[in-house]
Every structure is written in C-alpha cells, then in structure tokens.
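K.L.:
The structure follows.
The values are calculated or read from the model by the stated rules, or taken from the named source; none is laboratory data. Note that the structure is predicted; figures quoted are calculated from it, not measured. Positions of Cβ are generated from backbone atoms using ideal geometry, with glycine treated the same way; all protein chains shown enter the neighbour counts.
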Amino acid sequence: MSRLPRPTLVCLAAVAGLPTVAFAGPSLFHEDFEDGDHQGWLVNGNEMIFGGGNPGNYMGIPFDTFWGVTLRNESVGSPLTGDLSRHGGDLRVQVDVNVFALRNFFGDAIPPAYFPLTIQLVDIGDPDDFEDDVSVYYVGAGLPTEGAGWQTRTFFIPDPTSATLPTGWGGTGYEDPDTFELRLPDGRTYADVLASVDEFRITTFVPGYFYGFNFWEVGFDNVRANVVPAPASLAAIGLAGLTGGRRRRH
C-alpha cells in the first residue's frame, strides 16, 4: 500500500521576524520558457510548452495519467549541477507552480497536499550502474490547491560545504536492513554529493514512498535561483532546508 507523506508548509516571513526580501542575492539564472532555449529543463522527461503561464509560456504536462510530476535539469554547466560550492554560499531556488487538475481514476479531485514538492540533488556516479546513485533531498510544501492559480514555492540549499546533512534533509543510496529507512551510504556526505550534482529535481516523488497512476495537469514557470548573501545566511540562523510558499500575482 502506498504511504502518503505528510506535507510541510512554513511561512518564511513569520520565522524570526525576517522579511523574505532579506534573502535576495546575486541571481544565477531565471528561466521563464519564453524562448526556444530552455536551458536543459524538462518535465517528466519532455519539453512541453503551453500558453497561460505566469505570464506567457510555461512548461508542464497535459491532462493525462502519470505516476507523478518531476521538473528536472541534468545539463552540464547548469548553475544547479556540478559543484554547487562554486557559488560561494547557500542557494535559494524558486519556481512557480500551477495545478490545473489532479484526479483519481474515478474523476474525483485529489487533495494536492498529499503530494509535497521535494527538492532532490542526485549524484549518478557510474551511468551504467544505477545502484551507486546517491542523493540528498528535502520534502517541502504540498502542491497548490487545484484552481488556486500560480503559486511560488521556495527552497533553500544550505552550505554546500557542510559534511553533515542539514536539519530536515535526508539521503538515499543505502537502505537500513533493520529499519528500511533510506540514508546515504557509508563514506558519502552531504558535501560530496553537492560537489558532484548530475541531476537537479523538483518532484512529487518523495524517496522511499510508492505511487500509483492518477490524472495530472500541472505547470511550472519562472524557475530561478540566487546566492543567499552571507549576512543573511540561512545556515547561520538555523533555517537550514526551510521551504515556503506564497501567491504570485500576474
């Protein structure tokens, strides 16, 4: 039987009284899907572009059956692949997401909160040996309510040089034989995974859970990232791995 992960939603502005604008820093990129060069971004392995984004075009999936939805980038040279410590600080990643429809096989609406968006950074290792794949991940807020329009989801990637997993982060690559919990294999650390990211994902697939087919129509727009300024370092103020959401207006 599938397990339904519990969604987590934190309001950034309410934490420690800090406004979200305090976290603005040098921009690494902003992909709005308005031209033919999508910088390696894919949704469920495809470049499907639609009108009606926030604004203009968006990348997504049409109304059809899927196990879930994954926005990913595996391009060499992307700001979110390779050695993330090269950016010199914590990273903030944001994406606008819209759930146009999410239904079961009977046509009934499914609460999108059952599907929290998860940020996952994957070190593939040997491409011919999937068993040596490892990743680190953080489970964020649930998908926006169907029909709620475009919403922004924000993720933070704390200090890429830290050897220990930040609070709230998990690892994959090894399954404990007693508890069956996923974790990083012995000898692998958060820092060395982030020093060799082959694939960046924002996904509804939480590691360790099982999923069945549903009917999905979901879009992503305005994928962007920036370096968090050192004075407002999230790791320094104990906000490692925090994620939040807010409504984005046209």
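Every residue, every condition in (1) at pLDDT 95 or above; (2) out of contact with any Phe, Trp or Tyr (no Cβ under 9 Å at 6 or more places or on another chain); (3) under 27 Å from GLN39 (Cα atoms); (4) surrounded by 21 or more Cβ atoms within 10 Å (Cβ to Cβ), yes or no:
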| position | (1), (2), (3), (4) |
| --- | --- |
| TRP150 | yes, no, yes, yes |
| GLU175 | no, yes, no, no |
| PHE210 | no, yes, no, no |
| PHE220 | yes, no, yes, yes |
| ARG224 | yes, no, yes, no |
| GLY238 | no, yes, no, no |
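K.L.:
Moving on to the next point. So, in the range 98-113, exactly how many residues are farther than 8 Å from PHE215 by Cβ and under 22 Å from the mean Cα position of the chain (by Cα)?
P.N.:
7
K.L.:
When the residues of the range 135-192 are narrowed to those that are of a type in the set (Val, Ile, Thr) and closer than 21 Å to TYR209 by Cα, which ends up farthest from the chain's Cα centre (by Cα)?
P.N.:
Among those residues, the one meeting the criterion is THR179.
K.L.:
Oh, and also: Just one of GLY68, GLY125 is part of a loop (DSSP other than H, G, I, E, B), modelled with pLDDT of 95 or more, over 30 Å from GLY25 (Cα atoms) and not hydrophobic (A, V, I, L, M, F, W, C); which is it?
P.N.:
GLY68
K.L.:
Related question: Among the residues of the range 38-65, count how many are of a type outside the set (Asp, Glu), outside any loop (DSSP other than H, G, I, E, B) and either crowded, with 16+ Cβ neighbours inside 10 Å or in contact (Cβ under 8 Å) with a residue 60 or more places away in the chain (or both).
P.N.:
Our first condition is that a residue be of a type outside the set (Asp, Glu); within the range 38-65, this holds for 38-46, 48-63, 65.
When the remaining residues are screened for being outside any loop (DSSP other than H, G, I, E, B), the result is 41-43, 46, 49-51, 57-63, 65.
Those left that are additionally either crowded, with 16+ Cβ neighbours inside 10 Å or in contact (Cβ under 8 Å) with a residue 60 or more places away in the chain (or both): 41-43, 49-50, 57-63, 65.
Matching residues across the range 38-65 total 13.
K.L.:
Looking only at residues that are under 22 Å from ASP83 (Cα atoms) and among the charged types (D, E, K, R) in the range 177-190, which one is surrounded by the most Cβ atoms within 10 Å (Cβ to Cβ)? Talk me through it step by step, then tell me what you get.
P.N.:
Of all residues in the range 177-190, those under 22 Å from ASP83 (Cα atoms) come to 183-190.
Checking the rest, the ones that are also among the charged types (D, E, K, R) come to 183, 186, 188.
Working: ARG183: 16, ASP186: 7, ARG188: 20.
Filtering the range 177-190 for residues that are under 22 Å from ASP83 (Cα atoms) and among the charged types (D, E, K, R), the one surrounded by the most Cβ atoms within 10 Å (Cβ to Cβ) comes out as ARG188.
K.L.:
Here is a list: ALA141, ALA101. Which entry is under 16 Å from LEU71 (Cβ atoms) and assigned to a strand (DSSP E or B)? Show your work before the answer.
P.N.:
On the way: ALA101 fails: under 16 Å from LEU71 (Cβ atoms).
Only one candidate qualifies: ALA141.
K.L.:
Taking the range 71-82, which residues are closer than 18 Å to PHE33 by Cα and either free of Cβ contacts under 8 Å to residues at least 40 places away in the same chain or in a helix (DSSP H, G or I) (or both)? Steps first, please.
P.N.:
Of the range 71-82, the ones closer than 18 Å to PHE33 by Cα are 71-75, 78-80.
Of everything in the range 71-82, just one residue is closer than 18 Å to PHE33 by Cα and either free of Cβ contacts under 8 Å to residues at least 40 places away in the same chain or in a helix (DSSP H, G or I) (or both), namely SER75.
K.L.:
With the structure loaded, tell me whether SER85 is in contact with a Pro (Cβ under 9 Å, 6 or more places away or on another chain), outside any strand (DSSP E or B), more than 23 Å from ASP37 (Cα to Cα) and among the polar types (S, T, N, Q) or whether it fails that test.
P.N.:
Here the answer is yes, as SER85 does meet what is asked.
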